[in-house]
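Notes follow the structure.
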Amino acid sequence: MAIEPSSAPVADGADLLALVELALEEARALGASQAEAAVSMDVGLSVSVRLGEVETVEYQRDRGMGVTVYFGTRKGSASTADLSPAMLCETVAKACSIARFTAEDPCAGLADPDTLATEIPDLDLAHPWDVTPERACEMALECEAAAMAVDARITNSEGAGVSTHRGVRAYGNSLGFLAAYPGTVHSLSCAVLGSSGEEMERDYWYSTARDWRALESAVSVGRASGERAVRRLGARQLGTMKVPVLFAPDVARGLVGHFVGAVRGGSQYRRASFLLDAAGQQVFPDWFAISERPHLPRALASAPFDHEGVATQDRELVSAGVLLGYVLGTYSARKLGLRTTGNAGGTHNLLVHGRGRDFAGMLALMDRGLLVTELMGQGVNGVTGDYSRGAAGFWVENGVIVHPVHEVTVAGNLRNIYRQIAEVGSDVDARGGIRTGSILVEQITVAGA
């Protein structure tokens, strides 16, 4: 039986910061002009069940350190999972050796001192869950049983799972920055299959949160997965047409994710973006807005500082449909002649703003078209913006869902898709770093049989 996360040893922030300091001192002793180090330690428990039987009970314990040193503008990096003092020193020595053989890069180096976080807010990110493996298995079994009980047409299962993870991340650099913060993530999920005659459809549901008390109940998650699978039975194909398409919140997140990828600094300075040099341009309709809120308590993508120690802060990424700036770490900012936006390592809680219309209102606004609830494949070209993905969902007539749809493709160009967004719903999905409601696009090509 796995060890309970609650009883597993986890280093606290002070322990990890001491290791960071040791690495920085060693880099200084070896002649590095600048250095930075990050240490993380995570423990977790994951269980999975299928068809009423426990399949796996796993305990995870991960730890590691990454070290980057600079000799002028020459950079070297090395990492290790062995946090013993001897291995830390060896890892620093390897990073220094690498730096001596790399080419000079005028953009290399630590973040500018005036961008570093000087205060570390408590964002309430750590809520350890003292769940035993036995109880976690019981919850997973309860979740799957609730799914199977939804309808006699639920005939098989891909399983249900419960997981809990907690950890600490510490970062420091030779400019004097040294800080750490803890975090937890818990989840509950279930996927089942429904069948009718020769037809079989699969669907799932999940809940995830920083605080285990905020998870949906096992019965609720299971029931949702079962209901979603059953309602997909009787799916039909469509002919090829151009129609309005409504992306459900959990798949609408992907549309926003493609936008974020296009405005990242790396995509911009490599000249590999369909939104190249788009800052200051109208990318979305004039009512559309995206905000970044890194300090939301308990949110899944909250962080007091980024991976370089730069202070995270509220910003408006898009206002009145206009792109106000890029998503930058220090290196990409220097390559573009700009300043970091505190996004080394990614964005922190992007909020897509709509105009208050609920899901029923979104269907009514669409009137006739395709509701997409699942996307498949990787048919997105980040350089050209060409978009083509397999899809499944429901056909809508007069604002009412009339039958499920499968084996279709939705295709277009993301620049055009963004400009044709008609509305963003108030049915926000908060289970990730991008929080958005359903997104209605005025017209997209839907290709079927």
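The values are calculated or read from the model by the stated rules, or taken from the named source; none is laboratory data. What you see is a predicted model; the values in this text were computed from it and never measured. Note that we place each Cβ from the backbone using ideal geometry, even for glycine, and neighbour counts take in every protein chain shown.
Data overview
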read-out	value
Qualifying strands (runs of 3 or more DSSP E) (wholly inside segment 354-449; at least 2 residues being polar (S, T, N, Q))	400-413, 439-447
Verdict on Gln313 being under 30 Å from Tyr181 (Cα atoms), surrounded by fewer than 18 Cβ atoms within 10 Å (Cβ to Cβ) and not assigned by TED's automatic domain parsing to the domain that holds Pro182	yes
Residue match in segment 337-350 (condition: of a type outside the set (Lys, Arg), part of a strand (DSSP E or B) and touching a strand residue (DSSP E or B) at 6+ places or on another chain (Cβ under 7 Å))	yes
Every pair of residues 6+ apart whose Cβ atoms lie under 9 Å, when the first sits in segment 10-35 and is over 14 Å from Asn173 (Cβ atoms) and modelled with pLDDT of 95 or more while the second is of a type in the set (Phe, Trp, Tyr) and not in a helix (DSSP H, G or I)	Gly31/Phe71
Flag if Ser187 is closer than 27 Å to Thr373 by Cα, free of Cβ contacts under 8 Å to residues at least 60 places away in the same chain, assigned by TED's automatic domain parsing to the domain that holds Ala38 and within 19 Å of the chain's Cα centre (by Cα)	yes
Options Thr102, Thr73, Thr118, Thr68: the member that is at negative phi and crowded, with 19+ Cβ neighbours inside 10 Å	Thr68
Single residue of segment 356-398 satisfying the filter (of a type in the set (S, T, N, Q) and more than 16 Å from Gly412 (Cα to Cα)) that is nearest to the chain's Cα centre (by Cα)	Thr373
Hits in segment 341-391 (condition: in contact with a Lys or Arg (Cβ under 7 Å, 6 or more places away or on another chain), over 30 Å from Gly329 (Cβ atoms) and at pLDDT 95 or above)	Leu365
Test: residue in segment 213-221 that is surrounded by 18 or more Cβ atoms within 10 Å (Cβ to Cβ), without any contact (Cβ under 8 Å) to a residue 24 or more places away in the chain and under 27 Å from Asp130 (Cα atoms)	no
Filter result for Ala262 (in a helix (DSSP H, G or I), of a type in the set (A, V, I, L, M, F, W, C) and over 30 Å from Asn416 (Cα atoms))	no
Residue within segment 309-327 that is in contact with a helix residue (DSSP H, G or I) (Cβ under 7 Å, 6 or more places away or on another chain), charged (D, E, K, R) and in a loop (DSSP other than H, G, I, E, B) present	no
Residue in segment 410-431 that is at pLDDT 95 or above, among the hydrophobic types (A, V, I, L, M, F, W, C) and more than 23 Å from Ser319 (Cβ to Cβ) present	yes
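Rundown of residues vs (1) without any contact (Cβ under 8 Å) to a residue 40 or more places away in the chain; (2) surrounded by 19 or more Cβ atoms within 10 Å (Cβ to Cβ), yes/no style:
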site: Trp287; (1), (2): no, no
site: Ala299; (1), (2): no, yes
site: Tyr331; (1), (2): no, yes
site: Leu336; (1), (2): no, no
site: Gly342; (1), (2): no, yes
site: His348; (1), (2): no, yes
site: Gly354; (1), (2): no, yes
site: Arg357; (1), (2): no, yes
site: Gln378; (1), (2): yes, no
